[in-house]
Amino acid sequence: MFAIGVPLFAWLGVWPLVLASVVGLLAWGIVLVSAARGRLRLSTGLIYATVTTEATLAVVFVGWDSGLQYVLVLLMLASILHPWPRPVAWVMAFAVIAVFVLLYHYSRLVAPLYEIPAGPMAVMYTFAVVGPFAVACLLVAYPVAVADRAEAELASEHLRSEHLLTNVLPVPVATRLKAGEETIADRVNAASVLFADIVDFTPLASRLPAEEVVALLDSVFTRLDRLVDEYGLEKIKTIGDAYMVAAGVPSPRADHAQALARFALAARDGIAEAHDPWPRLQLRIGIASGPVVAGVIGRRRFLYDLWGDTVNTAARMESHGLPGRIQITDSTRRLLGGDFDCQERGFVTIKGKGQMRTYFLEAGPGPDVGPQGKRKVAVPATRDLEGMP
């Protein structure tokens, strides 16, 4: 405004405003230097003083029709958008509005000291109005753009936190927690639980560098995670080199045993056939079916877990099983029906459970399974595993 004012007012012959514009330019030079040195109060005060003075002198010398007083609109917006305390911002904004109103009433009562021809006055008015309002649009657009960017970042962070939460907890459970439910505890009457363990992992890990141990576990568990998603199951947790997965929780499903059996067969064969830089791996898998208690524990790190005799039995099926085999309980075998090839192992002494009839799951539905869903396989002699951990 001040840079344009010097030649404009000189052309119109309004020399007092030429002088005021020169002083305004000097004042803005001081504002820039003060702001660069961190003297924000001084620079802010000079801005308010010079802009208010220029608007007042314009109305006094050339009148309201010049439009130069609309620069006060910028001062009002700057007052509202300034980061000082809200009460101070509103006081400054209303002070600028008061000056604007006073100048309007002054112009209605007192004629300007200089009479400007209609043509130059129209040009002056156009530039005086378009300039401040264009800058006002920019002043408003900037915080709006910042707000939009912040909102987009907030939405992105929200999606990220949602993704992290659903990586830790099942989606239905996470939804219940977000809805305000503080205690998540469910008794599920029909579910199947699976434990899988990497055979001879401890001696293998002792021979490998730490980075390769982590890479090996990541490779195995990533394959199992993909299968969990493929069969619509729920990964519960990993414990060392053991992997726990369940079907029928938190969402009930009638085919929980069948779904977990298909997963077990795919996991056993997939890990055995994987071509990794490590020696060929085998899984020892155990499955049990029955009622469980499911819920979320912890506050700092949520954990969705299962408890009950079915969980303990599934863990025993795995620990008392054989390498590369899937040992299941009689209850699971009955749920599978004739669609799966199950080989009876016989009665096995299970720690904490006593004598239990168990089966090895050999294959799922396929052309190699006989008409009654059984395949003729030699049954090894029953073994007493009393001393096993």
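The values are calculated or read from the model by the stated rules, or taken from the named source; none is laboratory data. Remember, it's a predicted structure, so these values are computed and weren't measured experimentally. For neighbour counting, all protein chains shown are included, and Cβ atoms are generated from backbone atoms with ideal geometry for every residue, glycine included.
Give me the pairs: first residue in the range 308-327 and within 15 Å of Met356 (Cβ to Cβ), second residue in a helix (DSSP H, G or I), beta-carbon distance under 6 Å, and six or more apart or on different chains, which are they?
Gln327/Met317
Just checking, which of Ala246, Ala190, Ala267, Ala254 is aliphatic (A, V, I, L, M), within 20 Å of Asp339 (Cβ to Cβ), assigned to a strand (DSSP E or B) and at pLDDT 90 or above?
Ala190
From (1) outside any helix (DSSP H, G or I); (2) more than 28 Å from His320 (Cα to Cα); (3) of a type outside the set (Val, Ile, Thr), pick out the condition that doesn't hold for Pro172.
Going through the list (1) outside any helix (DSSP H, G or I); (2) more than 28 Å from His320 (Cα to Cα); (3) of a type outside the set (Val, Ile, Thr), Pro172 breaks only (1).
Condition check: modelled with pLDDT of 75 or more, of a type outside the set (A, V, I, L, M, F, W, C) and either in a strand (DSSP E or B) or over 25 Å from Leu224 (Cα atoms) (or both). Does Thr349 satisfy that?
Yes.
Given the structure, is Ala261 assigned by TED's automatic domain parsing to the domain that holds Asp186, crowded, with 22+ Cβ neighbours inside 10 Å and under 18 Å from Ile236 (Cα atoms)?
So Ala261 fits the description; yes.
Looking at the range 291-325 only, could you name the residues that are buried (at least 22 other Cβ atoms within 10 Å of the Cβ), part of a strand (DSSP E or B) and among the small types (Gly, Ala, Ser)?
Ala294
Looking at the range 216-225, is at least one residue touching a strand residue (DSSP E or B) at 6+ places or on another chain (Cβ under 8 Å), crowded, with 20+ Cβ neighbours inside 10 Å and either among the small types (Gly, Ala, Ser) or free of Cβ contacts under 8 Å to residues at least 12 places away in the same chain (or both)?
No: zero hits.
What is the one condition in (1) closer than 16 Å to Val249 by Cα; (2) of a type outside the set (Lys, Arg); (3) in contact with an Asp or Glu (Cβ under 8 Å, 6 or more places away or on another chain) that Asp197 does not satisfy?
(1)
Within the range 166-185, restricting attention to residues that are touching a Pro at 6+ places or on another chain (Cβ under 7 Å) and closer than 23 Å to Ile239 by Cα, which residue is modelled with the highest pLDDT?
Val173
Restricting to the range 83-127, name every residue that is within 26 Å of Val140 (Cα to Cα) and surrounded by 14 or more Cβ atoms within 10 Å (Cβ to Cβ).
Ala89, Met92, Ala93, Ala95, Val96, Ile97, Val99, Phe100, Leu103, Met124, Tyr125, Phe127
Hey, among the residues in the range 119-144 that are β-branched (Val, Ile, Thr) and under 37 Å from the mean Cα position of the chain (by Cα), which one's farthest from Leu72 (Cα to Cα)?
Among them, the one singled out is Val144.
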